[in-house]
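Novice: First the structure, then my questions, so here it is.
Read-outs throughout are calculated quantities, based only on the coordinates presented, and are distinct from any laboratory measurement. All values reported here derive from a predicted model rather than from experimental measurement. FYI the Cβ positions are ideal-geometry reconstructions off the backbone, even for glycines, and counts take in every protein chain you see.
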Amino acid sequence: MAFQGTLYITDKHACFNVEEKGRKLPISIPHTSLTRVERTRIRTKGGATEQLRLGLQETQWVAMKDFKFGELESALGLLEHLTS
């Protein structure tokens, strides 16, 4: 499941505020915990959408969706740089 919300990237953490049913749920992931950062394309009823996936362990992921034009590429590049 991919979440919609606001992504904040600091020098040590990827922070994400998930907006779910009128509540905000903050998520903070240290860059040292990330094993993979990737862009994926998923098909939806309305066509296709891209999402940013952060790998925490081999089978655990946090996925974010609904980026505006250009934001996904910027977030992906910055996270790849900070986690390498």
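Novice: Anything in the range 14-64 that is hydroxyl-bearing (Ser, Thr, Tyr), within 16 Å of residue 82 (Cβ to Cβ) and surrounded by 14 or more Cβ atoms within 10 Å (Cβ to Cβ)? List them, or say none.
Specialist: Of everything in the range 14-64, just one residue is hydroxyl-bearing (Ser, Thr, Tyr), within 16 Å of residue 82 (Cβ to Cβ) and surrounded by 14 or more Cβ atoms within 10 Å (Cβ to Cβ), namely 33.
Novice: I'm trying to understand the selection: among the residues of the range 1-13, which are assigned to a strand (DSSP E or B), loosely packed, with under 14 Cβ neighbours inside 10 Å and either in contact with a Cys (Cβ under 8 Å, 6 or more places away or on another chain) or among the charged types (D, E, K, R) (or both)?
Specialist: 8
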